[in-house]
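Read through the structure below, which is laid out as C-alpha cells, and then see the notes.
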Amino acid sequence: MSPKQKVYQGILEEVRNLIETNDLKPGDKLPSERELSEKLNAGRSSVREALRAMELIGVIETRRGEGTFLSKYRPYQTVELLSTFIFKETTKEELLSVKTLLEKEAAKLASTKMDESNLGLLLKKIDDPSLTMEELHFAFFSIIFEKTENQFLMRIWALIDEYTKSFTRYYSKPFYSKLITVYQSNDEQQIDSLFKEENDHNY
C-alpha cells in the first residue's frame, strides 16, 4: 500500500470511528481538515483530497463556511456507483452465475416466510398475460427477495438484474409454477433440485 493509500485508509477509519463512537447521525458535524490532518499526521492537501472522494460517493457533504457534515446517506448509493466499474471487469457468465446463486439462496431464505397472500401474489404474476418474461421474472423474484427481509441482498440482485438485462437468461415458464408448488409443500430441500434442473435445461 502506497503512503497516499495509507492516508486515505486512515481518514476513512477515523471518520468511521467518529461515527460509531459518537453515534453520529446525518447532519452532524465532522472534524475539520486541520483537525484530521493533525490526528493522522497527514498533509492538509491529502486530507482534502480524501474528503472530496468521500463527498463524491455521498458519505459526507461540505457546507461553505460551516464545515463537513455526515450526509443523509442513501445506504446503497456507493454500491450503485461502484457496480458499473465492478461489473465491467466481470464476464457475462460470471454475472449470470452469481445472479442465479442469489436467486436460489433468496428462494431458500423466503421459503419459511411465504404465506397464502404471498403465494397468491406469485401466482398472479405468472397468470398475468401482459407481462413479458423479463417483467415476470423481476416481479416474481422481487416478492421473494422482499420476504428474505434482507434489503442489501435484494439491492445487489436488483443491480445485477438491471445490468444483465441485455443478455440474461430467464427461467422457463414452468419453473415459476414449480417453485410455488415447492413453497406450498413446505419442501425447502427441493429448491436446490429445481434450480439444478433448470440450469441443466438452459445449458
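The trypsin sites (Lys or Arg not before Pro) of segment 94-131 meeting both criteria, a DSSP state outside H, G, I, E and B (loop) and at most 15 other C-beta atoms within 10 angstrom of the site's C-beta, are Lys113. Averaging the sequence gap over all C-alpha pairs within less than 8 Å and six or more residues apart, then dividing by the number of residues, gives the chain a relative contact order of 17 percent.
For the chain, a Gaussian network of Cα nodes joined below 10 Å ranks Arg169, Arg52, Arg16 by mean-square fluctuation, and the top entry is Arg16. To the nearest 10, the accessible area of Thr112 is 110 Å² with a 1.4 Å probe.
Solvent-accessible area of Ser71, all protein chains in place: 20 Å² (probe radius 1.4 Å, heavy atoms, ligands and nucleic acids excluded). Taking all protein chains as they are arranged and a probe of 1.4 Å, the heavy atoms of Tyr176 leave approximately 0 Å² accessible to solvent. Give the shape of segment 122-191 as rounded, prolate or oblate, defined through the alpha-carbon gyration tensor: a ≥ b ≥ c are the square roots of its eigenvalues, a/c under 1.5 means rounded, and otherwise the shape is prolate if a/b is larger than b/c and oblate if not. Oblate shape, in that a/c is at least 1.5 and b/c is the bigger or equal ratio.
When Val47, Val98 are compared by accessible area at a 1.4 angstrom probe, the order from most to least is Val98, Val47. Seen through its C-alpha gyration tensor, with square-root eigenvalues sorted a ≥ b ≥ c, the chain comes out prolate because a/c lies at 1.5 or above while a/b is bigger than b/c.
Counting only alpha carbon atoms, the long axis of helix 116-126 and the longest principal axis of the chain meet at about 80°.
Quick one: longest stretch of the chain between exposed loop GluC sites (Glu not before Pro), exposed meaning at most 13 other C-beta atoms within 10 Å and loop per DSSP? It would help to have the intermediate numbers written out before the result.
On the way: sites that count: Glu66, Glu89, Glu149.
Result, exposed sites excluded: 1-65.
Only lysines eight or more places from Lys108 in sequence, or on another chain, were considered; those with a Cα closer than 17 Å are Lys99, Lys147, Lys178, Lys196.
The values are calculated or read from the model by the stated rules, or taken from the named source; none is laboratory data. Treat the numbers as computed from the prediction; the structure is a model and nothing was measured. Neighbour counts are summed over all protein chains in view; Cβ atoms, including those assigned to glycine, are modelled from backbone coordinates with ideal geometry. All accessible areas refer to the heavy atoms of the entire protein, side chains included, with ligands and DNA or RNA removed. Shrake-Rupley method; radii C 1.70, N 1.55, O 1.52, S 1.80 Å.
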